[in-house]
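What follows is a short report on a single structure.
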Amino acid sequence: MSWLHETSAEILGRIEEAKEAKAWPFFRPQENVGARVKVGTGSYVNFTSNDYLGLSRDPRVMKAGMKGILDYGTGLGSARPQATSVRHEELERRLAAWLGYEACMTFTTGYQSLVGTLSAFLDDDVTLILDRLCHASIIEGMFLARGEHPDMEVRFFKHNRMKLLEKCLRTSEYDKKMVVAEGYYSVDGDMGPIDEMADLCRKYDAVLIVDDAHGLGALGPTGRGVGEIFGVQADILIGTFSKAFGGIGGFVCGDRDLIDYLMLTARAFMFSATLPVSQVEAAITALDIIETEPQHLRRLHANGDYFRAGLEDLGYDLGDSQGHITPIYLRDEMLTMKFGAYLFHGGDIMMMPFISPGVPPGTERLRCNITASHTRSEMSYALEALAKIGPMLDVLPEGAATRANDLQRFAWLAQHKIRGVQNAGVPYLVHEVTEGAKKAVDYTRRMFNGARED
Ligand SMILES: Cc1ncc(COP(=O)(O)O)c(C=O)c1O
């Protein structure tokens, strides 16, 4: 036994209880992806995916990925300086044109895009100013830079509080200032006020970097993200293919000189293997679809509106969220884990519990991600399940109900099944389906068998 084992044992001991109560929600091995996923013997309505437009399963995107493999194999065998394909350059040209920038470069992940970009520009004479809730990859970029440049200054401002951002800018140690924020916050579902940020950056001569991982492809009238909504062009815009594009990989857009500099200095780009061409081809086709088929975006927005209105009717606390990321704030760690377990075991629904340190203590929540792939019936069913479980866990008052009529409610519960589960002594969901209803469940399941009603 080394100290490595002692370190591991301490952490593992803490999660043992949750595992025993079957409330441990992570690393559940899925057999497929999408709005309905198979885990073990169960089929679950899935609200944990960032595949917002459902493009990961689009036959054209999949076929493009396969073509990439046929043309270039499964990998390019090296990092970009030695392994750039004509298709990488094509994708980068397309993305720059789509977002209105001079140039773009791709990274192997979105995470590396942030780490690589920040660490390449930060220096001992720079003040870095961050929204307190910004993503781990931004924080990691800061840590990496600080290791090499201990004299750089780092300031945080409370989430989206522009007065405090201004204070940071006004009182910064150095003249060179960099502000980094997310466009659409991944677990809060609210947007950074990047119009005000851009104004403040102009006023104090700072550069603005926006990470719009969850907004690009998914927000704005044509999917160009928060920049499109606010009419703002950040100095550098960072995105990922792992959300609305349905794949994996990251990208950075900016002026030609900035991108040329990053291609020679971002170590996460220089010293990590090239994004495979299969993913490049998939991203090009995903971009074709995003640019030419607005119906997917419209559907995402309509689904987001529908689900959000249902949650608001029920009286759930959704914080300041808007759009397709709908956090249900429960503000208690055990309650959040328990709620997730009730949904999973009793309702066949996957919603991700977020607890500290993933989110600040007191803001624990379930994150429900809506996608264009969800049917009305799946979302309505989830709302019914949330209407049942809320009062059980004293989150909603007794008798909380959706606006659905009895017939609709019955159809949704029957179609997707709510089953009662007694597990490890924990009473999960007490289901109300009578013997008669059970027959209807079987009948409805046969009828609907895999069919999507909208
Ligand atoms: C806001 C934000 N930025 C960056 C990333 C990293 O992107 P990727 O998962 O594509 O590496 C994520 C991933 O969840 C994210 O939510």
Jot down the per residue volume, in cubic angstrom and as a whole number, of the convex hull over the alpha-carbon atoms of the range 57-292.
-> 109
Per its Cα gyration tensor (rounded if a/c is under 1.5, else prolate when a/b beats b/c, else oblate), the range 294-416 is best filed as oblate
Evaluated at 20 °C with a viscosity of 1.002 mPa s, what Stokes-Einstein diffusion coefficient in µm²/s does the range 147-254 have when Rh comes from the Kirkwood expression over alpha-carbon pairs?
-> 148
Starting from the Cα-Cα distance between MET62 and VAL86, subtract it from 0.36 nm times their residue separation and give me the gain in nm to one decimal.
-> 6.7 nm
State which helices in the chain qualify, where a helix is a whole DSSP H run, it must extend 27 Å or more along its own axis by its Cα atoms, and its mean Kyte-Doolittle hydropathy must be at least -1.0.
-> 295-314
With the Cα gyration tensor of the range 1-157 giving a ≥ b ≥ c as the square roots of its eigenvalues, does the rule (a/c under 1.5 for rounded; else a/b larger than b/c for prolate; else oblate) give rounded, prolate or oblate?
-> oblate
Name the shape class, rounded, prolate or oblate, that the alpha-carbon gyration tensor gives for the chain, where a ≥ b ≥ c are the square roots of its eigenvalues, rounded holds for a/c under 1.5, and otherwise prolate holds if a/b is larger than b/c and oblate otherwise.
-> prolate
Which of TRP3, TRP412, TRP24 has the fewest Cβ neighbours within 10 Å, and the rest in rising order = TRP3, TRP24, TRP412
Residues ALA309 and GLU398, FRET efficiency given R0 of 25 Å [Cβ-Cβ distance, rounded to 0.05] = 0.65
Could you please state, rounded to a whole Å, how far the C-alpha centre of the range 313-380 is from the C-alpha centre of the range 118-180?
-> 31
Roughly speaking, what % of Cα-Cα pairs in the range 85-218 are separated by over 24 Å, rounded to a whole number?
-> 31
If R0 is 22 Å, what FRET efficiency do you get for ASP151 and MET270 from their C-beta distance, rounded to 0.05?
-> 0.35
Cβ density ranking, 10 Å radius, fewest first, applied to MET66, MET270, MET1 yields MET1, MET66, MET270
How large is log10 I(q)/I(0) at q = 0.12, 0.17, 0.19, 0.20 Å⁻¹ when the Debye formula is applied to the Cα atoms of the range 185-317, each weighted equally and without solvent?
-> -0.58, -1.06, -1.23, -1.30
Computed about the Cα centre, the charge dipole of the chain from +1 Lys/Arg and -1 Asp/Glu charges at the Cβ has a magnitude in debye, to the nearest 20, of 1480
For the range 51-118, evaluate the Debye formula with one uniform point scatterer on each Cα (no solvent term) and list log10 I(q)/I(0) at q = 0.14, 0.24, 0.25 Å⁻¹, rounded to two decimals.
-> -0.56, -1.35, -1.34
Dipole moment magnitude, nearest 20 debye, the range 57-292 about Cα centre, only Lys, Arg, Asp, Glu C-beta charged | 560
Antiparallel content of DSSP bridges confined to the chain, in %, to 5 = 55
Around MET66 (Cβ within 12 Å, Cβ-to-Cβ, excluding MET66; K/R +1, D/E -1) the net charge comes to +1
Förster radius 35 Å - calculated FRET efficiency between VAL33 and MET334, Cβ distance, rounded to 0.05 = 0.75
Point-to-point label distance, ARG202-PHE26, nm (Cα→Cβ direction, 7 Å offset) = 4.3
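The numbers here are math on the coordinates, done by the rules we state, and not lab data. Just so it is clear, the model here is predicted, and its values are computed rather than measured. Neighbour counts run over all protein chains shown; Cβ positions are idealised from the backbone, glycine included.
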